[in-house]
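All remarks here apply to the structure that follows.
Please treat every number below as a calculation from the coordinates, not as lab data. Fair warning: this is a prediction, and the values are worked out from it, not measured in the lab. For neighbour counting, all protein chains shown are included, and Cβ atoms are generated from backbone atoms with ideal geometry for every residue, glycine included.
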Amino acid sequence: MQLKINGETREVAARTLSELIHQFGLNERLVVAEVDGEIIDRSEWEEARLTEGMCIELVQFVGGG
Amino acid sequence: MKWKIGGKPLTSRIFLGTGRFPSPLVQNQAIEASGAEVLTFAIRRVHLDAPHDDAILQHLEGDHFIYLPNTSGASNAEEAIRIARLARASGLSDWIKVEIHADQKTLLPDPVETLKATEALVKEGFVVLPYTSDDPALARKLEEAGAAAVMPGGSPIGTGLGLLNPYNLGLIAEELRVPVVVDAGIGSAADAVQAMELGADGVLINTAIARAKDPAAMAQAMKLAVEAGRLSRMAGRIPKKKYATASSPLGLGV
């Protein structure tokens with residue numbers, strides 16, 4: 001299925017947000033996820049089903065002033 | 001002596017930014033040398049093909065820090081509010097530094113959008129610390145809007161030009177009841193002393209430490225400068241006079 005992740009179109013096998021986070025090898029304690037403009041709480045990632053064309057943003061803390 | 005922001009007692013009066021350090025090792029040395037309890041961060045997209053490159057939190061030692069994420073990258077209140085919500089969803093902090101740049105050349109804060117974002121985020125329960133220009137009227141409005149601290153800039157971010165308008169910064173420190181943290185533009189320890197002597201409650205420093213030849217040494221210098229400036233302020237400086245007053249008895253007397 002194709003998703004738009006952080007502005008890029010990507011082909012993914014993941015079916016849930018949780019699987020997607022793991023597919024990219026991300027540390028789930030440090031990442032925040034937004035799906036179609038709505039923040040999805042970490043506790044809901046396992047149930048958060050992905051569907052074709054969803055727009056996903058994955059962000060984290062980086063160095064900054 | 002302790003001070004408080006948003007009900008949280010603090011000892012250190014340095015907030016340390018975490019951008020532009022040469023390495024995580026040097027950054028950790030500088031954090032320790034500065035004694036900072038509050039660390040600032042930015043929120044950015046994960047780099048999907050190298051997710052650990054920018055993941056700064058994996059390098060931090062100790063878990064006693066207060067995280068102050070900023071809304072840099074936002075050019076209006078709406079974008080800043082979105083970034084603030086993302087930051088809070090991390091579960092790491094409900095503090096937010098509102099930072100809305102009016103233009104990319106100077107990175108000076110947009111006063112109207114900063115006030116709007118502050119009002120909205122206070123209503124959403126954030127502990128809001130807006131980065132603002134050194135305008136005393138605006139600083140008052142931010143306080144009225146519920147800012148937990150107000151952070152006027154000394155000069156544009158990363159310039160090291162020091163405090164361009166000490167008169168205004170002094171007025172802001174005098175008039176506000178919430179803490180005033182001078183943010184941006186500090187170049188060396190002398191600027192940090194000056195900010196504290198003007199009555200600021202703290203300073204936020206990033207580039208001056210991160211890009212110094214020896215960041216850990218500069219971090220220590222800033223720590224001492226903030227303490228010296230604060231002590232000097234509380235001790236009460238002498239008035240300036242045009243002509244000399246002898247500090248030794250006049251005349252030979254022998």
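Among the GluC sites (Glu not before Pro) found in segment B:2-66, those both in a DSSP coil and sparsely packed, with 14 or fewer other Cβ atoms within 10 Å of their Cβ, are B:E61. Taken residue by residue and averaged, Cβ atoms of other chains lying within 10 Å of the Cβ of A:25-32 number 5.
By the beta-carbon count within 10 Å of each Cβ, the least crowded to most crowded order of A:M1, B:M218, fewest first, is A:M1, B:M218. Across chain B, Cα-Cα pairs farther apart than 29 Å form 29% of the total. What the pair-distance distribution of segment A:2-60 shows, using all Cα-Cα distances binned every 5 Å from zero, is 4, 20, 37, 29, 9, 0 percent.
Quarter the surface of the alpha carbon convex hull of segment B:77-167 and you get the mean projected area, 6.0 square nanometres. Net charge of the neighbourhood of B:K4, taken over other residues with C-beta under 13 Å away and scored Lys/Arg +1, Asp/Glu -1, is +2.
What separates the Cα centres of segment B:133-186 and segment B:87-126 is a distance of 15 Å. Counts of other chain beta carbons within 10 angstrom of each beta carbon in peptide B:45-53 average 6.
So for the protein assembly as shown, what percent of the C-alpha to C-alpha distances run longer than 33 Å? Beyond 33 Å sits 30 percent of the P(r) for the protein assembly as shown.
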